[in-house]
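Worksheet: the structure to be examined is printed underneath.
Only the coordinates and a few stated rules stand behind these numbers; no lab work does. Just so we're clear, the structure is a prediction, and the values are computed from it rather than from any experiment. Because the Cβ atoms are built from the backbone with ideal geometry, glycine has one as well, and the counts that use them run over all protein chains shown.
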Amino acid sequence: MDMSTSSPVITDPLSISPPLLGSLASNMMQFSVMSGGCSSPSMNVSASRRKIEEVLVNGLLDAMKSSSPRKKHNLAFGQGNSLDEDPVYSSWMSKCPSALTSFKQIVANAQGKKIAVFLDYDGTLSPIVDDPDKAFMSPVMRAAVRNVAKSFPTAIVSGRSRKKVFEFVKLKELYYAGSHGMDIVTSVAEHNTEKCKEANLFQPACEFLPMIDEVSKSLLEVISGIEGASIENNKFCVSVHYRNVAEKDWQVVARLVNEVLEAFPRLKVTNGRMVLEVRPVIDWDKGKAVEFLLQSLGLNDSENVIPIYIGDDRTDEDAFKVLRERNCGYGILVSQVPKDTEAFYSLRDPSEVMGFLNSLVRWRKRSL
């Protein structure tokens, strides 16, 4: 396979929006110190720099709060009143209807076409848990995913490292894209480390590996003093988990991450559900990973292929957007609360995801 046409492009760090970049202040012009009792240019620059840093930290904190609400929806599904009775939720569902109730419409459009399935992991195949290392999928979910993989080309696209997500999923019938698509293997049944060299790998951010290791160690050192915070090195990106951090300390987390990234202008921070993701500043994301996988697997014919992408996080929006712009396939958001999304349909939780996957398999068997 010719990888040259799929190589990402390094983008200018200054083109990244300020709240997502911790290094902007370090790019300010430095002035020499002036003698005398009056204000010097360097002092003015220092004050300006502090203001910019404050804006960056506050912007990052706002992003953390908006993507990680502490309070759940005021109507719990399955307890008392149904979510469907909430007018706000019902209005949102009219724009992003259930993929289960819309299943017949989805498969009707797939008649005579090939289906490819793309799945996020955390919050999609497994529940969101306090300890990221214990985000195990259930045996029945694993069976559902295995059956889907036997019926359709299926890939896991996760922010986790490829090795870590494979340890969770434990299925060799799948394709895996870890680190938000920066670590892709397109050879089924080649996932252990001994055979890694034999697999067909695509890693567009290899040059960043030493930098990622360095920033991971720096973050671990500064974050270790915050109760509940943890660092996860996902090979091509670093996750700063604050799910177990008191909300009053979120600003401290934002400030420390921002300070560390001042020394790494080629890295940026994006936010997800109770996690900050430190990633290379390259033009690559889950959407690009889906496009690459479709092309690699010979499924790039938008007229005859229906990609279905299921995910729950903000990083999955890049994949939803790609499917919407290609005008082929369906993005399905997993959420119990109304969200702005590029997805066409929604599912409430992993149990509904499993129900949808099982429905796909049954439909496939009937259509043969």
Under the 0.36 nm per residue contour assumption, what length would be gained going from the current alpha-carbon distance of residue 138 and residue 327 to full extension? 64.7 nm
Taking 0.36 nm per residue of separation between residue 362 and residue 266 and subtracting their Cα-Cα distance, the length gained on full extension comes to 29.9 nm
For an R0 of 51 angstrom, estimate the FRET efficiency from the Cβ-Cβ distance between residue 244 and residue 90 and round to the nearest 0.05. 0.95
How do 238-251, 166-179 rank on mean C-beta neighbours within 10 Å, highest first? 166-179, 238-251
If the chain between residue 221 and residue 114 were fully stretched, how many nm would it gain, using 0.36 nm times the residue separation less the Cα-Cα distance? 33.7 nm
Can you give me the distance in nm between label points at residue 251 and residue 170, each placed 7 Å from the Cα along the Cα-to-Cβ direction? 4.5
Surrounding net charge for residue 304, when Lys and Arg each add one and Asp and Glu each subtract one, Cβ distance under 11 Å: 0
Sorted by average packing, counted as other Cβ atoms within 10 angstrom per residue and highest first, what order do 329-338, 57-66 take? 329-338, 57-66
For the modelled label position 7 Å from the Cα of residue 297 along Cα-to-Cβ, which residues of the range 342-367 have backbone nitrogen atoms closer than 18 Å? 354, 356-365
Phi-based couplings in Hz for the range 308-322 (Karplus 6.51, -1.76, 1.60; Gly and Pro marked x): 10, 10, 10, x, 10, 10, 4, 5, 6, 4, 4, 6, 4, 5, 4
Quick one: which of 210-218, 128-136 comes out on top by average Cβ neighbours within 10 Å, and what's the full order, highest first? 210-218, 128-136
What is the set of long-range amide H partners of residue 119 at a cut-off below 5 Å, with H atoms built 1.01 Å from backbone N? 155, 156, 157, 310
